[in-house]
Amino acid sequence: MKTLTNKLFPGPIAMIQFDHMHVLSTYHQFHPDTRPSVKEGLVKTVCAAIEIHAQLEEEIFYPAVREATTDEFIKRSVHDHDELRGFIDRLRAIESTDPDYDQTFDAMIRLVMHHAAEEETVMLPEAERCLSPERLDELGAQMTKRRLELTVPRTGEIAGNMLRAMPASTIAMTAGALVSGAALATWLGRGRQHRR
Ligand SMILES: [Fe+2]
Ligand SMILES: [Fe+2]
């Protein structure tokens, strides 16, 4: 049944596409001459994003699609996820200074691109065709709640990775914004005291 609460959550199609875009845009910040600590932050950000995304798809989205249509491409997709988990294990086992680090990350991203393209051109249009708008809203709500459950225990790890992945200029800008925000808050607070 369509409920107002379900309508407040992003739909599963947009959520999946956004996750794919987030992984690829993070990868595009990775270059051979990037500092090893920044490389590690970028790789760990991508690995955590893939783990959460794959779990959401396997627990909620794929079973719903499987109920409505053939499961041939779902088998292929789960196989791709297992291969991606293998890459994640390998990347976690080597240092970002290791000569294999970049090659392993590039190979993992090639698989992500192939996998995401198949999902976006075959599975997502099929899901939109077979599942009712109400069912899609329901899946979006379930996936949003599950994402929170999976993300909250890893908040510190994810924030640390993102911070490490930021170029120094962005950190300086963020710090600058925080300092000026604090100064503004102090100034406003003083203004309020004067007006009392
Ligand atoms: Fe996906
Ligand atoms: Fe997937």
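Quick look at the values:
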item	result
Calculated FRET value between residue 134 and residue 89, using beta carbons and R₀ = 41 Å, to 0.05	0.60
Exposure of residue 66 as accessible area (Å², to 10), given a probe of 1.4 Å and all protein chains	100
Residue 45 accessible area, assembled protein chains, probe 1.4 Å, Å²	20
Simple spin-label estimate for residue 120 and residue 152 in nanometres, 7 Å along Cα-Cβ	3.2
Eligible aspartates and glutamates near residue 145 by straight Cα distance, threshold 14 Å, same-chain separation 8 or greater	57, 59, 137
Qualifying aspartates and glutamates (Cα of each under 15 Å from Cα of residue 39; at least 8 residues distant if same chain)	95, 98, 100, 102, 106
Convex hull per residue volume in Å³, alpha carbons only, for region 4-165	103
Pairwise label distance in nanometres, residue 28 with residue 14, each label 7 Å out on the Cα-Cβ vector	2.1
Largest to smallest accessible area among 44, 39, 145 [probe 1.4 Å]	145, 44, 39
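The values are calculated or read from the model by the stated rules, or taken from the named source; none is laboratory data. Treat the numbers as computed from the prediction; the structure is a model and nothing was measured. Don't worry about glycine lacking a Cβ; one is built from the backbone with ideal geometry, like all the others, and counts go over all protein chains shown. Just so you know, the surface numbers come from the protein's heavy atoms only, side chains and all, with ligands and any DNA or RNA stripped out. Shrake-Rupley method; radii C 1.70, N 1.55, O 1.52, S 1.80 Å.
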